[in-house]
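K.L.:
Pasting a structure below so you can have a look.
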Amino acid sequence: MPTESEKIELSEHELREITGYAADCARRALSIYEHHLPADTRPRDALDAADTFAGGGRRTGALRQIAWAAFRAAREAASPAAGDAARAASHAAAAAYLHPLADAHQVKHILGAAAHAARAEELSRAEEWASGEGQDVSAGTLEWARHHAPAAVTAVLGRMPAAPPGGGRVGEFLRDLDTALRA
């Protein structure tokens with residue numbers, strides 16, 4: 001295992017696979033955001049931009065700005081579930097900017113979209129229960145993310161230290177997924 005902040009190998013192919021995976025994870029929660037704010041396309045735009053990069057597009061300043069726009073959408077969302085869904089989309093677009101460093105923070109760039117999508121689903125179920133519309137169904141995003149992670153995700157995680165402590169419930173989801181993918 002490399003020491004903290006040591007440079008690691010990170011190919012463009014791996015970066016594209018990681019970004020595509022992050023977008024797929026975040027997409028699982030997009031409907032939560034769109035249910036609350038159907039006219040706001042910033043999270044969807046972030047996923048589209050992540051997909052474009054993953055499919056061979058260029059990594060541009062516009063992609064970074066779209067990721068930041070989805071982050072702003074998360075901060076503006078009145079619903080906590082919608083906020084985490086937008087954060088998932090922001091993380092997906094930002095995955096294209098993963099740094100080739102053996103730094104625990106970089107694990108968030110790889111798995112943050114899945115962790116925030118899982119939290120969005122959890123919060124959405126809580127909101128549904130509070131309104132009397134809830135169903136006793138597991139979110140499944142973390143399990144889905146574990147089973148659909150491409151080889152690039154596990155390979156790059158293997159070059160990094162474990163996910164960092166803290167981060168509340170999202171941090172817990174991040175560490176759980178990180179541990180599962182390293183097993």
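The values are calculated or read from the model by the stated rules, or taken from the named source; none is laboratory data. What you see is a predicted model; the values in this text were computed from it and never measured. Counting neighbours? That spans all protein chains shown, and the Cβs are built from the backbone with ideal geometry, glycine included. Protein only, heavy atoms only, side chains kept; ligands, DNA and RNA dropped before computing areas. Shrake-Rupley method; radii C 1.70, N 1.55, O 1.52, S 1.80 Å.
K.L.:
Only one residue in R64, R58 is open to solvent by 20 Å² or more (accessible area, probe 1.4 Å), out of contact with any Leu (no Cβ under 9 Å at 6 or more places or on another chain), of a type in the set (D, E, K, R) and assigned to a helix (DSSP H, G or I), so which one is that?
P.N.:
Of R64, R58, the one residue that is open to solvent by 20 Å² or more (accessible area, probe 1.4 Å), out of contact with any Leu (no Cβ under 9 Å at 6 or more places or on another chain), of a type in the set (D, E, K, R) and assigned to a helix (DSSP H, G or I) is R64.
K.L.:
I need a count of the residues in segment 131-166 that are small (G, A, S), modelled with pLDDT of 95 or more and either open to solvent by less than 70 Å² (accessible area, probe 1.4 Å) or under 15 Å from A113 (Cβ atoms) (or both). Lay out the reasoning, then the answer.
P.N.:
The initial filter retains those residues of segment 131-166 that are small (G, A, S), namely 131-132, 134, 138-140, 145, 149, 151-152, 155, 158, 162-163, 166.
Now drop any that are not modelled with pLDDT of 95 or more, which leaves 145, 149, 151-152, 155, 158, 162-163, 166.
So of that shortlist, the ones also either open to solvent by less than 70 Å² (accessible area, probe 1.4 Å) or under 15 Å from A113 (Cβ atoms) (or both) come out as 145, 149, 152, 155, 158, 162-163, 166.
Result for segment 131-166: 8.
K.L.:
Within segment 93-113, track down each residue that is of a type in the set (G, A, S) and part of a loop (DSSP other than H, G, I, E, B).
P.N.:
The answer is none; no residue qualifies.
K.L.:
Restricting the search to segment 78-92, which residues are open to solvent by 20 Å² or more (accessible area, probe 1.4 Å) and either outside any helix (DSSP H, G or I) or aliphatic (A, V, I, L, M) (or both)? First the steps, then the outcome.
P.N.:
We begin by selecting, within segment 78-92, every residue open to solvent by 20 Å² or more (accessible area, probe 1.4 Å); these are 78, 80, 87, 91.
Answer for segment 78-92, where residues must be open to solvent by 20 Å² or more (accessible area, probe 1.4 Å) and either outside any helix (DSSP H, G or I) or aliphatic (A, V, I, L, M) (or both): just A78.
K.L.:
Condition first: in contact (Cβ under 8 Å) with a residue 12 or more places away in the chain and within 16 Å of G112 (Cβ to Cβ). Now tell me which residues in segment 67-82 satisfy that.
P.N.:
The answer is A67, W68, A70, F71, A73, A74.
K.L.:
Identify the single condition in (1) touching a Phe, Trp or Tyr at 6+ places or on another chain (Cβ under 7 Å); (2) surrounded by fewer than 20 Cβ atoms within 10 Å (Cβ to Cβ) that P43 does not satisfy, given that it satisfies every other one.
P.N.:
Of (1) touching a Phe, Trp or Tyr at 6+ places or on another chain (Cβ under 7 Å); (2) surrounded by fewer than 20 Cβ atoms within 10 Å (Cβ to Cβ), only one is false for P43: (2).
K.L.:
Would you call H116 under 29 Å from R58 (Cβ atoms), open to solvent by 10 Å² or more (accessible area, probe 1.4 Å), at pLDDT 95 or above and in a helix (DSSP H, G or I)? Walk me through how you get there before you give the answer.
P.N.:
Working: under 29 Å from R58 (Cβ atoms): yes; open to solvent by 10 Å² or more (accessible area, probe 1.4 Å): yes; at pLDDT 95 or above: yes; in a helix (DSSP H, G or I): yes.
Yes, satisfied.
K.L.:
Can you find a residue that is without any contact (Cβ under 8 Å) to a residue 60 or more places away in the chain and of a type in the set (A, V, I, L, M) anywhere in segment 32-43?
P.N.:
yes
K.L.:
Report, by residue number, each residue of segment 18-38 that is in a loop (DSSP other than H, G, I, E, B), closer than 19 Å to L111 by Cα and open to solvent by 10 Å² or more (accessible area, probe 1.4 Å).
P.N.:
If the condition is that a residue be in a loop (DSSP other than H, G, I, E, B), closer than 19 Å to L111 by Cα and open to solvent by 10 Å² or more (accessible area, probe 1.4 Å), then R28 is the only one that fits.
K.L.:
Another question about this same structure. So which residues in segment 93-108 are within 15 Å of the chain's Cα centre (by Cα) and buried (at least 18 other Cβ atoms within 10 Å of the Cβ)?
P.N.:
Passing the criteria: A93, A94, A95, A96, L98, Q106, V107, K108.
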